[in-house]
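Q: This structure is in structure tokens; I'll ask about it shortly.
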Amino acid sequence: MAEKKVIAICQLGGIFKTLSDGSLSYDGGDAHAIDIDENSKYNDFQLEIAEMFNCIHSSVSIKYFLPGNRKTLITISNDKDLQRMIKFHENSSSIDVYIMVEEAVAPDASNMPVSRSSRTTLSEAGVLADATPCVLDDDMDEISPQVFLDSTFNVPDDLVNVGEHIVNIDEHMAIASTELPQSMSLPFTGSSDEKHMKAAQQWQNNITGVGQRFNSVTDFRDALRKYSIAHQFAFKYKKNDSHRVTVKCKAEGCPWRIHASRLSTTQLICIKKMNPTHTCEGSTVTTGHQATRTWVAGIIKEKLKVSPNYKPKDIVTDIKEQYGVQLNYFQAWRGKEIAKEQLQGSYKEAYGQLPYFCTQIMETNPGSRATFTTKDDSSFQRLFVAFHASLYGFQQGCRPLLFLGSVPLKSKYEGTLLAATAPDGDDDVFPVAFAVVDTVSDDNWLWFLQELKAALTTCNGLTFVADREKGLKESISDVFQDETVYHAYCIRCLSEQLIRDLKGQFSHEVKRLIVDDLYAAAYAPRAEDFLKCIDSIKSISVEAYNWVIESEPNHWANAYFPGKRYNHMTSNFGEMFYSWASEAHELPITQMVDTVRGKIMELIHTRRTASNHWLTRLTRFREDGLEKESIKVCALQVFNTDHPAGNKFEVRGDSIDVVDISTYECSCKVWQLTDLPCCHAIAVISCLGRDPYDFCARFFTAENYRLTYSESVNPIPSEDHKPLMKEFSQAIVTVTPPPTRRPPGRPPTKKAGMHESSKRQLQCSRCKGMGHNKSTCKDFI
């Protein structure tokens, strides 16, 4: 009969917490499952765990709880112990196994000065054995300075044996001074390079001997960890729980040992036993298993604050140089992640703050819109933010043109930023609204557009420049079906799709020519110019020509587009705005949004201040454009067409064009496409003795530009200052992080959007064939 298998759920990286009934709970960390049975061997089990968690085999300690008893951890150290664990849990299908790799650190708690190394040679151990014992003063308040540590101290949990006196530590809390006379100072015999010890020298006296107290067991572990790094030795835990810690030197046969436990009725941890003698000949241990992620985080936190781009490989180098400890890449990476969370706050807590955060946005910036949604399990789904200053500036000062785009966020929980940006009067990026969503989907685009419509007072005549993907196209049509809006396809996305869909074997140069003709067709102002461009495509590839004809030119070609896109042909107009989010993507979600808010606030203030010094009637870019068109006027002739209304004129130059002053139109179509008078219009306007500025669209005036940036974005109070508000009904909403998380390690280097079909293909220089070069050409062999 086959042996019954039990699933061992191996857990590493969490912490034990003591509950009110004295039992222990385990929080956090990573977990993996391993099948074991009564025939399993301890060494095999230990080796598999070490490989699974990428740690050193000999440093792994395995523990578990007995059924019904979560107060005492049982250690597995051989095959019989492993078989007993399986026997004890024979009625269970799984066993919780806790892996210790000698990690757990926290801030320094040492409070006793000592200026010697605890490491000695075998000959030095004899000197310690003859040392004078500690003698207490008569008042029992403190220990005389004529003290030295015995080779071994044996102290009950609440008593310290000092000379002939028994001192109750709870009552007197005596502290032993362990400073050596100058003549008896023991030299450090480790083989580590001296420069490696410079940063760790401050920790050499973290452990001073029996009687030393610590605020908690965590503080003691931290002091012990730093002490071992400073003295370059490795240790292992014999006992390690919430109220006692017993540690010995990892070197075989070395007598160095320390035991600390909790003082009765207090949370203080006191060293009760210690043998400070090392006989391991100063063997240096530089492997990173002595340094935990939390320890690494504490070391690099200050530098990370100054240099946010501190790379893991640089952390590895610096830790090795300063402390003599060799980390691997993932130890440094995980330490950096912990340090970032300590500096920036918890990602998880940031999602929980979203209800308050959205309310504060709307209270501090009246007229703004900030809302979020969650899934059925309360996990985050999406967040929409539009500040009043952005909404007002767009509707009062910008052209009715919005660019829709997205950019992936490389945060801990990934996600995507959706954004709507507009061009201001000077053709600079003006942020209007943005959203953070769990993923790019048709449903999320539909929700974003619904929120955008609710934030704007009117959308009539609005043009969206966006990709022509089916979901986005249908969303625009569904959301704005009651209003006249236009969807202009992004010509860059269109050209990329064309190249991907071409099935013929075309060289890189031929594809470039097709794309150039497609762009020329898109910008062509008149139908005859458009047809000329696509005929050029047809001469290269009939397949490409048919694709262009079927791609709905009325959505991307100037000659047929019914709305106004002002010669803006691509949707990546808001790259500057996307870069803000990319720079802040490592921050928790509320901090990332607040960083973007700060960028918008700074942008509005900077441009408002600069425009207040303008002396021109138009924005700088439009002034230059009008001046360039005016220069061309001298070569033009204007003739009256005898139109009854006297509004139409014929203008002759390189071509013959007709200008209608009353409708702001020219047969060259430039005036209609740009809302700025073309050279033909300026020639007519000048002949009539009128001012060309009066025929420019209001969006390009300096006055209108200042109106765009007239409102301000106000700061948002932090969560730390959240008032107690009974009326804050949204506070009861629970928001948890999304289930998706960024996989550990480096992200893939392949850029998003790259496709195999877009790679340049080989072309033989001999036979002109595709897919090979001249060295492999078979026609010339």
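Q: When you take every Cα atom in region 230-282, what is the radius of gyration, and what is Dmax, the widest Cα pair distance, in Å?
A: Here Rg and the maximum Cα pair distance are 12.3, 41 Å.
Q: What ³J(HN,Hα) values, in whole Hz, does the Karplus curve 6.51 cos²θ - 1.76 cosθ + 1.60 give for region 697-714 when θ = phi - 60°, with x put for Gly and Pro?
A: In residue order, the calculated couplings are 4, 5, 4, 9, 7, 5, 4, 5, 4, 5, 5, 4, 10, 7, 8, 10, 9, 8 Hz.
Q: Given the convex hull of the Cα atoms of region 530-628, what is a quarter of its surface area in nm²? Spell out each step's value before the answer.
A: Values: hull surface 44.6 nm².
With every direction weighted equally, the projected area is 11.2 nm².
Q: Here's another thing I want to ask about it. For region 238-280 and region 676-696, what is the separation of their Cα centres, given in Å?
A: Cα centroid to Cα centroid, the span is 91 Å.
Q: Just by accessible area at a 1.4 angstrom probe, what is the order of 378, 765 from largest to smallest? Write out the running numbers ahead of the final one.
A: Numbers: 378 40, 765 75 Å².
Reading off the accessible areas and sorting them downward yields 765, 378.
Q: I'd like the distance separating the alpha-carbon centroids of region 566-627 and region 35-57, in whole Å.
A: 57 Å
Q: Mind jotting down a quarter of the surface of the convex hull over the alpha carbons of region 1-99, in square nanometres, one decimal?
A: Values: hull surface 25.3 nm².
Reported value for the Cα convex hull: 6.3 nm².
Q: Dipole magnitude of region 492-555 about its Cα centre, charges +1 at Lys/Arg Cβ and -1 at Asp/Glu Cβ only, in debye to the nearest 20? Mind showing how you got there, number by number?
A: Numbers: 8 positive and 11 negative charges, 28 e Å.
Around 140 debye, computed over region 492-555.
Q: Next question. For region 201-344, with equal point scatterers placed on the C-alpha atoms only and solvent neglected, what are the log10 I(q)/I(0) values from the Debye formula at q = 0.10, 0.19 1/Å, to two decimals?
A: The calculated log intensity ratios at q = 0.10, 0.19 Å⁻¹ are -0.38, -1.12.
Q: At R0 = 45 Å, how high is the FRET efficiency between residue 641 and residue 613 if r is their beta carbon distance? Nearest 0.05 is fine.
A: 0.55
Q: Something else now. Size of the dipole of region 357-503 about the Cα centre, Lys and Arg at +1 and Asp and Glu at -1 on the beta carbon, nothing else charged, in debye to 20?
A: The dipole magnitude comes to about 240 debye.
Q: Subtracting the Cα-Cα distance from 0.36 nm times the residue separation, let me have the gained length for residue 767 to residue 23 in nm, one decimal. Walk me through the intermediate numbers first.
A: Numbers: separation 744, 0.36 × 744 = 267.84 nm, distance 8.01 nm.
Fully extending the segment from residue 767 to residue 23 adds 259.8 nm.
Q: Among the DSSP beta bridges whose two residues both lie in region 201-344, what percent are antiparallel, rounded to the nearest 5?
A: Details: 18 of 19 bridges.
So the antiparallel bridges in region 201-344 amount to around 95 percent.
Q: Taking amide H atoms as placed 1.01 Å from N in the peptide plane, list the residues 5 or more away in sequence, or in a different chain, whose amide H sits under 5 Å from that of residue 618.
A: HN-HN under 5 Å from residue 618: 702.
Q: For region 566-582, in order, what is each residue's ³J(HN,Hα) by Karplus, 6.51 cos²θ - 1.76 cosθ + 1.60 with θ = phi - 60°, in whole Hz (x at glycine and Pro)?
A: With coefficients 6.51, -1.76 and 1.60, one gets 6, 6, 8, 9, 10, 8, 8, 4, x, 4, 4, 5, 5, 5, 4, 5, 5 Hz.
Q: Further, regarding this structure: If amide H atoms are built 1.01 Å from N in the plane of the peptide, which residues on other chains or at least 5 residues away come under 5 Å of the amide H of residue 240?
A: Residues meeting the criterion, in which the H sits 1.01 Å from N, are 246.
Q: Could you tell me what % of all Cα pairs in region 383-528 have separations over 22 Å? Kindly include the intermediate steps, with their values, before the conclusion.
A: Values: 5110 of 10585 pairs.
For region 383-528, the share of Cα pairs beyond 22 Å comes to 48 percent.
Q: What does the charge dipole of region 6-101 about its Cα centre add up to, to the nearest 20 debye, if the Cβ of each Lys and Arg holds +1 and the Cβ of each Asp and Glu holds -1? Mind dumping the intermediate values first?
A: On the way: 8 positive and 13 negative charges, 86 e Å.
For region 6-101, the charge dipole is close to 420 debye.
Q: Next question. When only Cα pairs under 8 Å and 6 or more residues apart are kept, what is the percent relative contact order across region 492-555?
A: Numbers: 35 pairs, mean separation 17.9, N = 64.
Once divided by the residue count of region 492-555, the mean separation gives 28 percent.
Q: Leaving ligands and nucleic acids out of the surface, order 278, 508 by accessible area at 1.4 Å, largest first.
A: Values: 278 0, 508 95 Å².
So, going from the largest accessible area down, we get 508, 278.
Q: At 7 Å along the Cα-to-beta-carbon direction for both residue 632 and residue 576, put a label point, then send me their distance in nm to one decimal.
A: 2.7 nm
Q: Taking 2.2 N^0.38 Å as the expected size of a compact globular protein, what ratio does the Cα radius of gyration of region 492-555 give against it, to two decimals? Don't skip to the answer; put the middle values down first.
A: Numbers: Rg = 10.8 Å, N = 64, 2.2 N^0.38 = 10.7 Å.
Computed over Cα atoms of region 492-555, the ratio equals 1.01.
Q: Here's another thing I want to ask about it. Could you tell me the center-to-center distance, by alpha carbons, between region 467-482 and region 511-544 in angstrom?
A: Their Cα centres are 27 Å away from one another.
Q: Another question, if that's okay. Taking Cα pairs under 8 Å and at least six residues apart, what relative contact order does region 201-344 come out at, in percent?
A: Once normalised by length, the contact order is 20 percent.
Q: List the residues whose amide H sits under 5 Å from the amide H of residue 379, counting only those 5 or more places along or on another chain, with H placed 1.01 Å from N in the peptide plane.
A: 736
Q: How large is ³J(HN,Hα) for each residue in region 84-100, as worked out from phi by the Karplus curve 6.51 cos²θ - 1.76 cosθ + 1.60 (θ = phi - 60°), to whole Hz, x for Gly and Pro?
A: 5, 4, 5, 5, 4, 10, 5, 8, 10, 8, 8, 10, 7, 10, 10, 9, 10
Q: Normalised by the number of residues in region 619-695, what is the relative contact order in percent for Cα pairs under 8 Å and 6+ residues apart? Before the final figure, lay out the partial values.
A: On the way: 103 pairs, mean separation 20.2, N = 77.
Once normalised by length, the contact order is 26 percent.
The values are calculated or read from the model by the stated rules, or taken from the named source; none is laboratory data. Please read these numbers as outputs of a predicted model, since none were measured by experiment. A quick note on method: Cβ atoms are made from the backbone with ideal geometry, for glycine too, and the neighbour counts reach across all protein chains shown. Quick note on the areas: whole protein, heavy atoms, side chains included, nothing else; ligands and nucleic acids left out. Shrake-Rupley method; radii C 1.70, N 1.55, O 1.52, S 1.80 Å.
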